1. Count, please, the residues in segment 371-415 that happen to be among the hydrophobic types (A, V, I, L, M, F, W, C), over 30 Å from CYS111 (Cβ atoms) and part of a helix (DSSP H, G or I).
2. Taking PHE58, is it outside any loop (DSSP other than H, G, I, E, B), among the aromatic types (Phe, Trp, Tyr) and either surrounded by fewer than 21 Cβ atoms within 10 Å (Cβ to Cβ) or within 19 Å of the chain's Cα centre (by Cα) (or both)?
3. Name every residue in segment 30-55 that is part of a helix (DSSP H, G or I) and among the polar types (S, T, N, Q), in order of residue number.
4. Find the residue count for segment 362-405, including only residues that are within 22 Å of the chain's Cα centre (by Cα) and either hydroxyl-bearing (Ser, Thr, Tyr) or under 29 Å from VAL254 (Cβ atoms) (or both).
5. If I go through segment 388-411 residue by residue, how many of them are buried (at least 18 other Cβ atoms within 10 Å of the Cβ) and without any contact (Cβ under 8 Å) to a residue 60 or more places away in the chain?
6. Exactly one of (1) within 12 Å of ligand 2 (Cβ to nearest atom); (2) surrounded by 22 or more Cβ atoms within 10 Å (Cβ to Cβ); (3) of a type outside the set (Asp, Glu) is unmet by GLY187. Its number?
7. So which residues in segment 82-116 are under 18 Å from the mean Cα position of the chain (by Cα) and surrounded by fewer than 23 Cβ atoms within 10 Å (Cβ to Cβ), if there are any at all?
8. Can you list the strands (runs of 3 or more DSSP E) lying wholly within segment 183-266 that have 3 or more residues being within 16 Å of ligand 1 (Cβ to nearest atom) and closer than 17 Å to ALA171 by Cα?
Amino acid sequence: MTETTKGKAHADFTELATFVTTDIAGITRGRSFAAKVIDDYLRKGVGWVPANLALTPFDQIAEANPWGSAGDLRLMPDPKSQARVTCLPDVTPLNFYHADITDLSGHPWDCCVRSFLKRTLDAFEREAGLRVIAAVEQEFQLLGVGWPEAPSFSLRAQRRADPFGPLLMRALEEAGVEPEMFLPEYGKDQFEITCRATDALTAADRGATIRVIAREVASLFGWQASFAPKTSANGVGNGVHLHVSFTDLEGNPVTFDASRPGRLSEVAGSFAAGVIRHLPALVAFTAPSVLSYMRLVPHHWSAAYTCLGEKNREATLRICPTLDLPGSNPARQFNMEYRAADACASPHLSLAVLLKAGLEGIKAGLEQPPLINSDPSGFSMEDQQRLGIRRLPSSLAGALDTLAEDKTVTGWFAEDFLDCYVAMKRKEIEIVEGLSPDELCARYATVY
Ligand code: GLU
Ligand code: MG
């Protein structure tokens, strides 16, 4: 708050509402207007520009984008996605709605990732008779804190940040994202926020909302909440873990089958097989920055191989444990966790490609991959080959090449979208070329 605004009652100000899109750079952008005229804007949306999609995280645009200076679009809000937070001291209410990008007649734009996720969920219902339940877990580090060291996972590490945690939880509750846990993590000044499972579109919206709110709350303390995949070359990574499970169209859980390996039902096994098959191409979207590949290395509890594992934190697709207490129903808790995602990605696009790959597996009736319940890097080359364990791409450039070879995955997208995505990512690679690992971390931390 500046000297001139200090002391002024916020009631005197005009509250803003914003329609946002979280784009392929994982950045939440949008346009604002006076919240009191919301009804008008809910009907007509706000303007948007196609070439915005070609913006790299560093604000330079990929010149080779399909639109140049041409064209006009709308951000059309989803009224149910409103996040309004009034509990933050010394700032006006934060008030925004996630939006789809449409053409001027309100039809979804081919390149809108939120609409792509919606189409994917429709396909899941139509082609597999399944509904997706999802949740997003996100890790971040507080930068600029200047407090004493505290042990990992310790109560002291949490209390050092007080009242950051309680204020963040309050803000997230107010925003309707149903936060569950705020926990100190293993890394330096690292925390994690989890939220309740819900339908997959809402889960993706929550992924973006939680980042926006955590950053804003941290900034009130003079800190930065960084969700960058790494904030120092030798530190731990910040992951975005996507949890998914399925119900039939009546809402009955269908992921669990106690009689099968890993307790995965047949349909969930085929889903896992589709994900494992396409994983090396998927990371081009879910771990989409140059820095992402410093996190996706062995022994980081992130994900470095194509690998389905039960309760194994080196597995890219991890079958999560269930509680066995009286009164708990394993079928309702049971879910798989995709660990090869980070916050440089759009949560909508990450969830969509994960589900698309799984749906391919379901439609083809693929067999469940073998369960790898220890570190996949510990297997001999022969065993890796026999078990279908492949190393994931080790750079963004490598991931883009792998993507180009997987015609099933490239076939999911409109040509303009893919051209723009690849051009933007190639430009991003060019911008950070030659930076040392620590410089790379610092560069990405300015954005994420
Ligand atoms: N920090 C790890 C990652 O980058 C995850 C640790 C965990 O929560 O299992 O994904
Ligand atoms: Mg964690």
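1. Going through segment 371-415, the residues among the hydrophobic types (A, V, I, L, M, F, W, C) turn out to be 371-372, 379, 381, 387, 389, 392, 396-397, 399-400, 403-404, 409, 412-414.
Next, only the ones that are over 30 Å from CYS111 (Cβ atoms) stay: 371-372, 379, 381, 387, 389.
Those still in the list that are part of a helix (DSSP H, G or I) too: 381, 387.
Residues meeting the conditions: 2.
2. Values: outside any loop (DSSP other than H, G, I, E, B): no; among the aromatic types (Phe, Trp, Tyr): yes; either surrounded by fewer than 21 Cβ atoms within 10 Å (Cβ to Cβ) or within 19 Å of the chain's Cα centre (by Cα) (or both): yes.
No: the conditions fail for PHE58.
3. Looking only at segment 30-55, we keep the residues that are part of a helix (DSSP H, G or I), and these are 35-44, 50-54.
ASN52, the sole residue that qualifies.
4. 4
5. Result for segment 388-411: 0.
6. Only one criterion is unmet by GLY187, namely (2).
7. Quick first cut of segment 82-116, residues under 18 Å from the mean Cα position of the chain (by Cα) only: 83, 97-100, 111-116.
If the condition is that a residue be under 18 Å from the mean Cα position of the chain (by Cα) and surrounded by fewer than 23 Cβ atoms within 10 Å (Cβ to Cβ), then SER115 is the only one that fits.
8. Working: elements: 190-195, 224-226, 240-248.
Filter on segment 183-266 gives 190-195.
Quick note: the coordinates plus some simple rules give every number you see, no bench work behind them. Bear in mind that the values here come from a model prediction, so they are computed numbers and not experimental data. All Cβ positions, glycine included, derive from the backbone under ideal geometry; neighbour counts span all protein chains shown.
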